[in-house]
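The values are calculated or read from the model by the stated rules, or taken from the named source; none is laboratory data. What you are looking at is a predicted structure, and each value in this text was computed from that prediction instead of being measured. No Cβ is skipped: glycine too gets one built from the backbone with ideal geometry, and neighbour counts run over all protein chains shown.
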Amino acid sequence: MPAQALNRICYVEDDEDIQRIVRMSLERVGKMTVEVVGDPLVAIDRIIAFKPDLVMLDWMMPGMDGPTLYRKMLETPETKSMPVVFITAKASQRELDELRKLGAAGTISKPFSPKDLPEQLRAIWQALP
Amino acid sequence: MNSPSTAAPQVSAAESIDLRQSADPRRILADRVRQLYSQMPLAIVGSFLISAIAAYELREGRFVEIVVFWAGLVVLLTLACAGLYWGYRKSARKIEEAAQWLRWLGISALAIGATWGFAGAVFFPSHADEQQVFLALVISLLVAAGIPIYAVSWPIYAAYAAGILFPFTYVLATFGNKLFAEIALIVPAFYLLNVGIAYRLNGVFDSGFRLRHAYGKLTEDYTALNQRLEQQLVELEEARRQVEASGRKLALFAERSPIAVFEFDPAGRILSANPAAETLFGFSSREMVGRPGTDTLFPSGAKDDIRARWRSLIQSREPVFGLRLSNTRRDGAEITCEWSLTPLVNPENLVISVIVQGRDITQQLEAERMKQEFTSTLSHELRTPLTSIIGSLQLINSGVLGEIEKDTLELTTIAERNGQRLLDLINDILDVEKIESGKLTLFPEVLDLGELVNESLALNRGFADGFKVRLATAGELAQVRVNADRKRLLQVMTNLLSNAAKFSPEGSVVEVTLENIDGGKVRVGVHDCGPGIPEDFRDRIFGRFAQADMSYTRQKGGTGLGLSICKRLLEMMGGRIGFSGREGSGTTFWFELPQQA
C-alpha cells in the first residue's frame with residue numbers, strides 16, 4: 001500500500017460528457033485533484049507535466065486506444081511506473097487479462113457509478129504494492 | 001515362364017467312407033424283419049393248403065385219429081402264426097423291437113418245421129408205398145420252398161429245415177430198409193446244401209439292405225444340401241436386393257442433397273459431382289469430371305496448400321470434418337465452404353476414392369460477423385451514453401451538488417431508475433446473446449459459498465431497503481467450498497435477492513439458507529413472503545422474457561431475462577436451479593452446486 005493517500009488523478013477520455021461527470025465525481029465526492037485529457041495523442045506530455053498519483057484511461061478513443069496509450073506509457077521512463085486503471089465498456093475478459101499481465105492496476109467497467117467511483121479507485125490504490 | 005500351380009484335389013483316407021458300412025445296423029435288422037414278415041401270409045396260406053391236401057391224402061391209414069390230431073395241430077399253428085403276423089403289423093415299435101419280432105418269427109418257423117417233421121416221422125412208417133412217396137415229395141418241396149421265404153435270416157431257415165428233416169431222417173435211418181437208410185444219409189447233405197444256399201442268400205440280402213440304406217442316406221444328405229443351397233440362394237438374393245436398395249438410396253441422397261457432394265480419385269481428380277455441386281460452383285458435372293479439384297474449385301494462390309492437405313489426407317486415410325476453405329466459382333466469385341472429406345478404404349488399406357461434401361458458409365460467416373459487430377456496437381454505443389445519463393442523475397440525486405427541490409428530485413430519481421433499467425436490459429440481452437452463441441466464458445475458482453452469500457446480501461441491502469424489506473441469513477452460514485465463477489455467482493444471488501425483495505410485502509424479511517444435501521452438493525435457498533408464483537406461470541418461469549404479469553415490469557422493473565440467465569449460468573457451473581412454495585404463501589428459490597472437496 002502506497003504511503004500517501006490517493007489525491008492526483010489524470011483521466012484520458014474523449015467523451016466530454018463523461019469527462020465532466022468523472023471530474024465532478026472525483027472532485028466533489030472524492031475531494032481529489034483531477035486533470036482531464038481529451039486527446040490521447042498529447043496525453044503522455046500532459047501526464048508527465050501533471051505528475052498524477054494514478055492514471056485513468058478510456059478504452060476506446062479516436063486516434064489511439066487505451067491499451068496502445070498504456071504501452072506507450074510503459075515505454076516512457078517518466079510514466080512507466082505509474083499505476084493505470086482502465087475504464088471500459090466492451091473489453092473482453094481475455095483483453096483485460098492481457099492488460100493485467102502487462103501491469104495494469106485495475107479495470108472499472110462502464111457504466112460506473114459516480115457516487116462510488118472515488119471509493120473504487122481508493123480500493124485499487126490501497127491494493128497496490 | 002511361370003506355370004500356374006494346379007493344386008490337385010486331395011481326398012484324405014478318412015473322408016472316403018464306404019457308405020455301405022455306414023448304414024445303421026438297427027435299421028438293417030428292422031428291414032430284414034420286415035422283409036420276413038411281409039412273406040409270412042404267403043407262407044401261412046401255402047403251408048395250410050399243403051397241410052390240408054396232405055391230411056386228405058393220408059386219411060386212409062391205420063391212425064386216422066393221429067391224422068385228425070395233426071390236422072388240428074396245423075390249424076392251431078396257422079392261427080398262432082396269423083396272430084403273430086397281425087401283432088407285428090399292428091406294432092408301433094417295429095424298429096426298436098426288431099430283435100424280439102425276429103425271435104418270435106424264428107420260433108414260429110421252428111414250430112412249422114417241427115409240425116411237418118412230426119408228420120414225416122409218424123405218417124411215413126404208418127402208410128403204404130404211394131403215400132410214402134407223396135410224403136417224401138411234400139417234405140422235399142417244403143424244405144426247398146422255405147429257402148426264398150426264410151433266407152433273409154439263415155439261422156431261421158436252418159431251424160425250420162432242421163425241424164422238418166431231422167425226425168424224418170431218424171425214421172428213414174431206423175426203418176430197417178437199406179434204400180431208406182441210404183436216403184437217410186443223403187438227407188443231411190441235402191440239408192447242409194440248402195442251409196448253405198440260405199446263408200449265401202442271407203449275405204446277398206444284407207448287402208441289398210445296406211445299399212438301400214446308403215442310398216437313402218445319400219438322398220437325405222443330398223436333400224439337406226440342396227435345401228441349404230436353396231436357403232443360401234434366397235439369402236443371397238435378399239442381400240443383393242438390400243445392397244441394391246441401399247445403393248439406390250445413397251444415390252438418391254447425393255442426387256437430392258442440398259450439400260455439394262463430390263467423389264474424388266486418390267490423385268485428386270473429380271469422379272462425380274451431384275446437382276448441388278453443379279449449382280454451387282457453376283460447372284456442369286460433365287465439365288468437372290476428370291479434372292483435378294485443385295484447378296477447378298480453388299483460387300490459384302491456394303493450390304499448393306490444397307495439394308499438401310490432399311496428400312496428408314490420402315496418407316492418413318482419416319476423415320476430416322468442418323474444414324473451412326476459400327473456393328472459387330466459375331464466375332470467379334470467391335466463397336467460403338465448410339468441407340467434410342471421407343476416404344473410402346478397401347480391405348488392403350488403400351484409398352479407393354474420397355467422398356467430399358461441401359457447404360457454402362459465406363453468408364453464414366457474414367451473418368455471424370454482422371451479429372458480432374452489432375453486439376459489440378450495442379455494448380459500447382448504448383453503454384457510453386447511459387454512463388453519462390445515469391452518472392449525471394446519480395450525482396444530482398446524491399446531493400453532492402447541493403440541495404434540489406422535492407418535485408425535481410422525484411423526477412430525476414425516476415429518470416435514474418429507468419436509466420438503470422435500460423442498462424440492466426442491455427446487460428441481460430448481452431448475457432443471453434453470449435450464452436446462446438457459446439461465447440460466455442466462466443472463470444471458476446474455489447471459493448467459500450457462505451462468504452459469497454454474505455457478500456451478496458451486503459451488496460443488495462441498499463436495493464432491498466428501497467422496498468422496505470430486510471435481507472437476513474438463517475443463523476451463521478456454514479463454510480462450504482464450491483468451484484464457481486465468483487462474478488457470475490454474485491449475479492445469480494443478486495437476481496434471486498432482488499426478485500425476492502421486489503415481491504415481498506413491506507416490513508417482511510427475506511431469509512437465505514445454506515445447507516449440505518445428498519450427493520456431495522450444497523443448496524442455497526432464498527425464502528420470501530411474497531404472493532407466490534401463479535400456477536399457470538410455473539412452467540415458463542425459467543424461460544426468456546418470463547414475467548407472471550406484464551404489469552409487474554412497470555411496477556417493479558426487471559427484464560424477465562434474469563432467471564433464464566441464472567439457470568444457464570448454474571448449469572454451466574454444474575448446478576441447477578428450482579423453486580418451491582404455493583401461491584399465496586411465499587416462495588423459496590434455490591440453487592445447488594457440487595461441493596468442492
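Can you pull out the residues in segment B:389-398 that are facing chain A (nearest Cβ under 7 Å) and buried (at least 20 other Cβ atoms within 10 Å of the Cβ)?
Result: B:Ile390, B:Gly391, B:Ser392, B:Gln394, B:Leu395.
If you go through segment B:99-129 one residue at a time, how many are of a type outside the set (A, V, I, L, M, F, W, C) and in contact with an Asp or Glu (Cβ under 9 Å, 6 or more places away or on another chain)?
Residues that pass the stated criteria total 1.
For segment B:244-295, which residues satisfy the criterion of being part of a helix (DSSP H, G or I), in contact with a Phe, Trp or Tyr (Cβ under 7 Å, 6 or more places away or on another chain) and either β-branched (Val, Ile, Thr) or closer than 13 Å to B:Val354 by Cβ (or both)?
B:Gly293
Looking at B:Arg383, B:Arg309 in this structure, which one is within 14 Å of chain A (Cβ to nearest Cβ), at negative phi and in contact with a strand residue (DSSP E or B) (Cβ under 9 Å, 6 or more places away or on another chain)?
The conditions single out B:Arg383.
Can you name every residue in segment B:70-104 that is assigned to a helix (DSSP H, G or I), without any contact (Cβ under 8 Å) to a residue 60 or more places away in the chain, touching a Ser or Thr at 6+ places or on another chain (Cβ under 8 Å) and of a type outside the set (A, V, I, L, M)?
Listed by number, the residues that qualify are B:Trp70, B:Thr78, B:Cys81.
For segment B:355-363, state whether one or more residues are closer than 30 Å to B:Ser257 by Cβ, in a helix (DSSP H, G or I) and more than 10 Å from chain A (Cβ to nearest Cβ).
Yes, because at least one residue in segment B:355-363 is closer than 30 Å to B:Ser257 by Cβ, in a helix (DSSP H, G or I) and more than 10 Å from chain A (Cβ to nearest Cβ).
Kindly provide the set of residues from segment B:544-585 that are at positive phi and modelled with pLDDT under 75, ordered by number.
B:Phe545, B:Gly557, B:Gly558, B:Gly584
Somewhere in segment B:447-456, is a residue at the interface with chain A (Cβ under 10 Å from one of its Cβ atoms) and touching a residue at least 40 places away in the same chain (Cβ under 8 Å)?
Looking through segment B:447-456, none of the residues is at the interface with chain A (Cβ under 10 Å from one of its Cβ atoms) and touching a residue at least 40 places away in the same chain (Cβ under 8 Å).
Can you tell me how many residues in segment B:1-49 are at pLDDT 85 or above and either loosely packed, with under 12 Cβ neighbours inside 10 Å or of a type in the set (Val, Ile, Thr) (or both)?
Total meeting the criteria: 4.
Which of the residues spanning segment B:141-189 are among the polar types (S, T, N, Q) and outside any helix (DSSP H, G or I)?
B:Ser153, B:Thr174, B:Asn177
Is it fair to say A:Lys110 is closer than 25 Å to A:Gln4 by Cα and within 14 Å of chain B (Cβ to nearest Cβ)?
no
Name the pairs whose Cβ atoms lie under 8 Å apart, with the first residue in segment A:12-31 and more than 7 Å from chain B (Cβ to nearest Cβ), the second assigned to a loop (DSSP other than H, G, I, E, B) and aliphatic (A, V, I, L, M), and 6 or more positions between them or separate chains?
What qualifies is A:Val12/A:Met61; A:Glu13/A:Met61; A:Asp14/A:Met61; A:Leu26/A:Met32.
A:Leu121 versus (1) under 30 Å from B:Gly399 (Cα atoms); (2) outside any strand (DSSP E or B); (3) touching a helix residue (DSSP H, G or I) at 6+ places or on another chain (Cβ under 7 Å); (4) away from chain B (no Cβ under 14 Å): which is the lone unmet condition?
Exception for A:Leu121: condition (3).
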